[in-house]
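Heads up, the thing below is written out as structure tokens.
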Amino acid sequence: MAAQRTMTFGVVVGNRGFFPDHLAKTGREEIISVLEKAGAKAVVLGPEDSKYGAVETYAEAQKCAELFKKHAEDIDGIIVTLPNFGEERGIVDAIRLSGLKVPVLVQATPDRSDNMTIAVRRDSFCGKMSCCNNMMQYGINYSLTTLHTESLSSEEFTADLEWFSQVCRIVKGLKNLRIGAIGARPTAFNTVRYSERILETSGISIETLDLSEVFGRINKMKDNDDAAQAKLAKIKSYVSTAGIPEEALLKMSKLGAVIDGWMKQTHVTISAVQCWTSMEEYFGVVPCTIMSMMSNDLIPSACEVDVPGTLSMYMLALASGTPSALLDWNNNYGSDPNKCVCFHCSNLPKHFFKDVKMDYQEIIAGTVGKLNTFGTCVGRVKSGAMSYARYSTDDRRGVVRGYTGPGKFTDDPLDTFGGAGVAEIPQLQKLLKYICREGFEHHVAANFSDVSKAIHEAARYMGWESLHHPGLDD
């Protein structure tokens, strides 16, 4: 798993002259210090550019905008900090003139109730409302801190900064995203139909590759091909392959090498792959291990050409920096209304398992033969906090919509096949009714993290409809 990249934030320090402007000076210094402590970079005016490096006048807004433009490729989001009331026009003009379309977080520093003299009273409590009102007028989307006013050195702001960073990573990661659709949607899986055109309106493009082309490229590949042999070595180091025929392993390695090469050639970031049952009948393995390896490397890959499924996986991975899986909401768990079994055949990333080994696909082995179904990654899903998400296209209404929320995988006993775990979701029955009434798919993306609030907020920036289950306090 790759380490999270360094975040870069454009910072607008608000100031209004007839409030104590020395607070703008200390406020700027404090936000820079807090960001550096968090491992982030700040792009902010200096005291040589404007009074205390803050933004008040239109001329200062222009300077701030020009600075942001110079660093436009680096800036992940904008933080507006209000050490005093702030001049709302200067703030919104700076953002508008910069041309940046990134998430914006508005923070206001609290007053001290034991010291409210004219020399130190901030009034940022009030100024935040004026700032947000102007952002609404200017059509600037923005996010709010947990508390209306928060000290930059507080635990609340530390948590909010991490949450906002997650939101920014998602929004930036989805910009101009290219998804590979490898193979055709299996006929029996109407449930994973989606609209390329609706995704395109969000700047997400689909690149297709027919399975015949995949098999054709594999047929031209020699057994000792460097890429195939390198992939074979990676497979054997990734998962236990005891009892798996070498012929099947070589087929998997060639499949992986072809997919890797095509994705690099076409600048595709994530993928969704056809499996049932063309891959098994006409090639002789399942693609599960290859897909598992990609997902484990934070390059999600979903089965049954479930493009919205891999998109949902990617959102979770962007937020958390850890691998995502695509699972079925599959079975009840006894009589517990808030627990269920999540399952796949499986292509779950190794990160999800207590223990994992390569095996064969038991469900379709009876149809196509066991020898044609080697390549699944099977085992018990480990316990831990998790987030789930599902965003899909609603073709009748022309929108992207979805849901997300928190839960956990448990250690409850479970004796079954494939990759499976017991999930506990607050008010699960309410969620299941929502899924069924709204016609969502049985596939859901999951991730061992607590990032559902960031997923929900990022969806809002994307212009998508989103439900956070079981609900947010605000």
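The values are calculated or read from the model by the stated rules, or taken from the named source; none is laboratory data. Since the model is a prediction, treat every value here as computed from it, not as a measurement. We place every Cβ from the backbone using ideal geometry, glycine too, and count neighbours over all the protein chains shown.
Listed values, structure above:
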quantity: Exclusive hit being without any contact (Cβ under 8 Å) to a residue 40 or more places away in the chain and of a type outside the set (Asp, Glu), set 209, 147; calculated: 147
quantity: Single residue of 313, 293 found to be more than 12 Å from the chain's Cα centre (by Cα) and of a type in the set (A, V, I, L, M, F, W, C); calculated: 293
quantity: Qualifying residue in the range 145-157 (condition: acidic (Asp, Glu) and not assigned by TED's automatic domain parsing to the domain that holds residue 84); calculated: no
quantity: Residue 334 free of Cβ contacts under 8 Å to residues at least 24 places away in the same chain and either acidic (Asp, Glu) or outside any strand (DSSP E or B) (or both); calculated: yes
quantity: Candidates 180, 127 - the one that is surrounded by 20 or more Cβ atoms within 10 Å (Cβ to Cβ), part of a strand (DSSP E or B) and at pLDDT 95 or above; calculated: 180
quantity: In the range 82-109, the residues that are part of a loop (DSSP other than H, G, I, E, B) and of a type in the set (Val, Ile, Thr); calculated: 102, 109
quantity: Failed criterion for residue 67 (all others in (1) surrounded by 15 or more Cβ atoms within 10 Å (Cβ to Cβ); (2) over 33 Å from the mean Cα position of the chain (by Cα); (3) not in a loop (DSSP other than H, G, I, E, B) hold); calculated: (2)
quantity: Answer from 365, 423, 389 - the residue that is among the aliphatic types (A, V, I, L, M), surrounded by fewer than 20 Cβ atoms within 10 Å (Cβ to Cβ) and outside any loop (DSSP other than H, G, I, E, B); calculated: 365
quantity: Filter pass, residue 358 being part of a strand (DSSP E or B), modelled with pLDDT of 95 or more, surrounded by 24 or more Cβ atoms within 10 Å (Cβ to Cβ) and at negative phi; calculated: yes
quantity: Residue within the range 238-252 that is at pLDDT 95 or above and under 30 Å from residue 171 (Cβ atoms) present; calculated: no
quantity: Among residues of the range 451-474, those that are under 27 Å from residue 422 (Cα atoms) and touching a Pro at 6+ places or on another chain (Cβ under 6 Å), counted; calculated: 2
quantity: Leading residue by the ranking (modelled with the lowest pLDDT) among those in the range 2-15 that are out of contact with any helix residue (DSSP H, G or I) (no Cβ under 7 Å at 6 or more places or on another chain) and surrounded by 13 or more Cβ atoms within 10 Å (Cβ to Cβ); calculated: 4
quantity: Enumerated helices (runs of 4 or more DSSP H) restricted to the range 216-305, each holding at least 1 residues that are free of Cβ contacts under 8 Å to residues at least 40 places away in the same chain, closer than 17 Å to residue 344 by Cβ and hydrophobic (A, V, I, L, M, F, W, C); calculated: 288-296
quantity: Among the candidates 81, 26, 57, 6, residue that is among the polar types (S, T, N, Q) and more than 21 Å from residue 128 (Cα to Cα); calculated: 6
quantity: Odd one out for residue 460 among (1) more than 28 Å from residue 194 (Cα to Cα); (2) basic (Lys, Arg); (3) surrounded by fewer than 18 Cβ atoms within 10 Å (Cβ to Cβ); calculated: (1)
quantity: Residue within the range 74-81 that is outside the structural domain of residue 455 (by TED's automatic domain parsing), of a type in the set (D, E, K, R) and in a helix (DSSP H, G or I) present; calculated: no
quantity: Restricting the range 368-385 to residues that are assigned to a strand (DSSP E or B) and aliphatic (A, V, I, L, M), the residue that is nearest to residue 236 (Cα to Cα); calculated: 378
quantity: So residue 396, is it exposed (fewer than 15 other Cβ atoms within 10 Å of the Cβ) and closer than 23 Å to residue 308 by Cα; calculated: yes
